[in-house]
Amino acid sequence: MKLAVSLLATAALANAHFTMQYLWSNGVDEGKNVYIRVPPSNSPVTDVTSTDLTCNVNGLSGAGVSTLTIPAGATMTFEWHQHDQRTGEDPISAGHKGPVQVYIAKAPSTAASFNGQGAVWTKIYSAGLLNPTTQQWATDVVNANSGKHSVTIPASLPAGEYLLRAEIIALHVASSYPGAQIYIGCAQVKISGGGSANPPKVALPGAYKGSDPGITFNLYNNPQSYTAPGPAVWSG
Ligand SMILES: [Cu+2]
């Protein structure tokens, strides 16, 4: 009986995957799966060396995806859900705990034609274990906030077209690699205005290793700290 219950719980967790479904620009909901490279399923990426790490499965092209014009310094919000519904269940499932990060990469020409390969990605947001005492993670806030998290795009980034890449890493089966579940949503934006900053950049895949302490991680021994994979946040 115990075994049956635990198998059921495992199956429920395994099905509790999610995708980024809505992009908000300065508080305006831009619509479901609009300006977003939509993956074929809500399954996570687990191989940090795969090109799926860039913009999820089938994410290397934005053919057919529109690009949203935003002002420099805009606040962008990403909204994630497990299934084709905005209410009625945890947005990303309470069992999925881990960090939330956002990267941005400037396209050489259009965002839609940009595959995001090479050292092009700048990390502009990262939140992980928010409160070691209560074991509150950034994902808990996403669940409490109807699946949403926000970032302010540094106003010093130059005008042009970009890929905006939001990432949630679920650590519930991350004690060995591959195990950590990496959820990725990429949106296409065109920044108007802007400055002349040349921020530090990394490659995705490239910046993460299976042995990173933020990828291979035991969620269940009351961790007191967490180091997210990838570089430091660049804040402009
Ligand atoms: Cu899942």
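Coordinate-derived values only; no laboratory data. This is a predicted model, so every value here is computed, not measured. With ideal geometry, Cβ positions are generated from the backbone for all residues, glycine too; neighbour counts draw on all protein chains shown.
Once both labels are modelled 7 Å past Cα along the beta-carbon direction, what's the GLN136-ALA159 spacing in nm?
4.2
Using the structure shown, list the pairs from LYS123/LYS148; LYS32/LYS201; LYS148/LYS209; LYS97/LYS190; LYS123/LYS209 with a Cα-Cα distance above 24 Å, or answer none. Spell out each step's value before the answer.
Values: LYS123/LYS148 18 Å; LYS32/LYS201 30 Å; LYS148/LYS209 27 Å; LYS97/LYS190 32 Å; LYS123/LYS209 16 Å.
The answer is LYS32/LYS201; LYS148/LYS209; LYS97/LYS190.
Using Cβ contacts closer than 10 Å as the measure, can you line up VAL102, VAL28 from fewest to most? Display every interim value, and only then the final one.
On the way: VAL102 22, VAL28 10.
Fewest-to-most ranking of VAL102, VAL28: VAL28, VAL102.
Please work out how much length the chain gains when fully extended from ASN33 to VAL173, using 0.36 nm per residue of separation minus the C-alpha to C-alpha distance, in nm with one decimal. It would help to have the intermediate numbers written out before the result.
Values: separation 140, 0.36 × 140 = 50.40 nm, distance 2.82 nm.
Roughly 47.6 nm would be gained on extension.
Tell me, how many Å apart are the Cα centres for segment 137-154 and for segment 208-223?
21
Using a basic spin-label model with each label point 7 Å from the Cα along Cα→Cβ, how many nm lie between SER192 and ALA144?
A separation of 3.7 nm, rounded to one decimal place.
Counting pairs of alpha carbon atoms under 8 Å apart in space and at least six apart in sequence, what relative contact order in percent does the chain give? Let's see the in-between values first.
Numbers: 587 pairs, mean separation 59.5, N = 236.
Computed value for the chain: 25 percent relative contact order.
Would you mind listing how long the chain runs along its three principal axes, going by Cα atoms, in whole Å with the largest first?
Cα extents, longest axis first: 61, 34, 31 Å.
Got a sec? Charge dipole of segment 16-203, +1 on Cβ for Lys and Arg, -1 for Asp and Glu; which of THR87, ALA174, ALA16 is way out at the positive end?
ALA174
Determine the gain in length on full extension of the stretch THR152-LYS209; use 0.36 nm per residue of separation and subtract their C-alpha separation, reporting nm with one decimal.
17.8 nm
Can you order the peptides 215-221, 147-153 by their average number of other Cβ atoms within 10 Å per residue, highest first? The partial results should precede the final answer.
Numbers: 215-221: 15.9, 147-153: 19.0.
Descending mean neighbour count gives 147-153, 215-221.
Compute the Cα gyration tensor for segment 10-88, then decide on rounded, prolate or oblate, letting a ≥ b ≥ c be the square roots of its eigenvalues: rounded whenever a/c is under 1.5, prolate when a/b is larger than b/c in the other cases, and oblate in all that remain. Could the numbers behind the result be given before it?
Details: a/c = 2.14, a/b = 1.34, b/c = 1.60.
It is oblate, given that a/c is not under 1.5 and a/b is not larger than b/c.
Mind giving me the FRET efficiency for TYR220 and SER113? R0 is 41 Å, r the Cβ-Cβ distance, nearest 0.05 is fine. Walk me through the intermediate numbers first.
Numbers: r = 44 Å, r/R0 = 1.06.
Once rounded, the FRET efficiency stands at 0.40.
Could you size up the charge dipole of the chain around its Cα centre, putting +1 on the beta carbon of Lys and Arg and -1 on that of Asp and Glu, and report it in debye to the nearest 20?
Numbers: 12 positive and 12 negative charges, 58 e Å.
I would put it at about 280 debye.
Can you give the angle from 0 to 90° between the axis of helix 2-15 and the longest principal axis of the chain, with both taken from C-alpha atoms, to the nearest 10?
Between the helix axis and the principal axis of the chain, the angle is about 10 degrees.
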